[in-house]
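Values in this text are rule-based calculations from the coordinates and carry no lab data. Nothing here was measured: the structure is a model prediction, and the numbers come from that model. FYI the Cβ positions are ideal-geometry reconstructions off the backbone, even for glycines, and counts take in every protein chain you see.
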Amino acid sequence: MKLPKINWKKIDGLVPAIVQDARTQQVLMLGYMNAAALKKTLSSKKVTFFSRSKQRLWTKGESSGNFLKLVNLEVDCDNDTLLIQANAAGPTCHRGTVSCFGQSGATGIGFLAQLDQVVADRIKSGDKSSYTVRLVQEGVARVAQKVGEEGVETALAAMKKDSKEFAGEAADLLYHLIVLLRAKKLSLAAAIAVLEKRHAPKK
């Protein structure tokens, strides 16, 4: 990853750095970077800021262990603000929440990415009290059958006038499709990547 061109003179050698969860796109926090913090972030792959209160470089997670692992970094059109995408090793906020902006997790479309990770974590745990784990342990064919069943139920519900029932069946279908992707050693991101490629502007 190349060092981007930054206008360091606007705010006395500092620029705001917005951090997003790379999977859910949820905004996690806002910090400030100087040139040294940016270079350390790029070299260590751990998001590092310049602490205005301590007047030193500060790597997020250096005390808690909740590091932010760098995935991507972009600069805005005025070259004075950074947008960082990272994978969080734990809660980002010192209050123990996922984000410094509110206590809830990802919402909207981002929640699907969060659910995908929850499914992956549960499968990895092997906890047989989890429906997800028990379903996956029955094999890919069984999970695929469930996706087929939920697809039919969703289609049937669409023919009714009950929007609430249809939304519920659609939710069941999405959940079981995510489980099937994980049972096949894939993630929701794999399907999204295909859609992005299909809808990318033609060169």
Problem set entry | Thr107 vs. criteria in a loop (DSSP other than H, G, I, E, B), of a type in the set (S, T, N, Q) and under 30 Å from Ala22 (Cα atoms) | yes
For this session: Quick one: in the stretch 1-27, of everything that is within 23 Å of the chain's Cα centre (by Cα) and among the hydrophobic types (A, V, I, L, M, F, W, C), which residue is farthest from Lys60 (Cα to Cα)?
Result: Met1
Exercise. Got a number for residues in the stretch 18-29 being closer than 17 Å to Val75 by Cα and in a strand (DSSP E or B)?
Worked result: 6
Exercise. Filter the stretch 43-52 for residues that are crowded, with 20+ Cβ neighbours inside 10 Å and not aliphatic (A, V, I, L, M); which is nearest to the chain's Cα centre (by Cα)?
Worked result: Thr48
Seminar exercise, completed: Note on the stretch 111-138: residues in contact with a Ser or Thr (Cβ under 8 Å, 6 or more places away or on another chain), closer than 15 Å to Ala189 by Cβ and β-branched (Val, Ile, Thr) are Val119
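Let's see how each residue does on (1) outside any loop (DSSP other than H, G, I, E, B); (2) surrounded by 13 or more Cβ atoms within 10 Å (Cβ to Cβ); (3) hydroxyl-bearing (Ser, Thr, Tyr):
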| site | (1), (2), (3) |
| --- | --- |
| Gly13 | no, yes, no |
| Gly31 | yes, yes, no |
| Ala36 | yes, yes, no |
| Thr41 | yes, yes, yes |
| Lys54 | no, no, no |
| Trp58 | yes, yes, no |
| Ser63 | no, no, yes |
| Leu73 | yes, yes, no |
